[in-house]
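Report on the structure given below.
The values are calculated or read from the model by the stated rules, or taken from the named source; none is laboratory data. Since the model is a prediction, treat every value here as computed from it, not as a measurement. Quick reminder, even Gly has a Cβ in these numbers, built from the backbone with ideal geometry, and neighbours come from all protein chains shown. These accessible areas exclude ligands, DNA and RNA; they are computed on the full protein's heavy atoms, side chains included. Shrake-Rupley method; radii C 1.70, N 1.55, O 1.52, S 1.80 Å.
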Amino acid sequence: MKKKVLISACLLGVDCRYDGKNNRLPEEKLRMLMDSFELIPVCPECMGGLTTPRVPSERRDGGVYSKNGRNVTAEFGRGAEAALHLARLFGADAAILKENSPSCGSGRIYDGSFTGTLTEGDGVTAELLKRNGITVTGEKSI
């Protein structure tokens, strides 16, 4: 029986990024992951009610704001809760999430200035998963 692991859907090739594109992993990494784990795709931003494509968002001042100033903290929170629910439902105790994302980033995220500057911190989903005992790994650590 394979270990169950949440994975950012964009890493599997789902076009759910803010710009309507994906971050598909190289074929050899995908094959290795699929051979080793039962992958449960999640896109917290979509699951929280945001559209694809959408205005890019970043975390700042304890919330999440789109580049045009809209407060999207509630949508990010709903998506994080939905991802946690799926982890519990399927018994996943680990997640492979898209690095630097305001949802999925772990350890480093964009700083809220929309200048591409990274700062120490976690995305909303990564933070919630970690608080609930789920190990979060970025895609570059695979």
Inset, instruction - Only residues that are surrounded by fewer than 22 Cβ atoms within 10 Å (Cβ to Cβ) and not in a strand (DSSP E or B): list them for region 5-19, please. - result: LEU12, GLY13, VAL14, ASP15, ARG17, TYR18, ASP19
Inset, instruction - Residue by residue through region 103-137, note down the ones that are of a type in the set (A, V, I, L, M) and open to solvent by 50 Å² or more (accessible area, probe 1.4 Å). - result: LEU118
Inset, instruction - Would you mind listing the strands (runs of 3 or more DSSP E) fully within region 25-75 where at least 2 residues are touching a helix residue (DSSP H, G or I) at 6+ places or on another chain (Cβ under 7 Å) and more than 20 Å from GLY121 (Cα to Cα)? - result: 37-42
Legend entry - Residue check for THR119: without any contact (Cβ under 8 Å) to a residue 12 or more places away in the chain and either under 18 Å from LYS3 (Cα atoms) or not in a loop (DSSP other than H, G, I, E, B) (or both): yes
Legend entry - region 20-37, residues that are surrounded by 15 or more Cβ atoms within 10 Å (Cβ to Cβ) and either modelled with pLDDT under 95 or touching a Lys or Arg at 6+ places or on another chain (Cβ under 8 Å) (or both): ASN23, LEU30, PHE37
Legend entry - Boolean, ARG88 is surrounded by 13 or more Cβ atoms within 10 Å (Cβ to Cβ) and assigned to a helix (DSSP H, G or I): no
Legend entry - Odd one out for GLY63, checked against (1) in contact with a Gly (Cβ under 8 Å, 6 or more places away or on another chain); (2) at pLDDT 95 or above: (1)
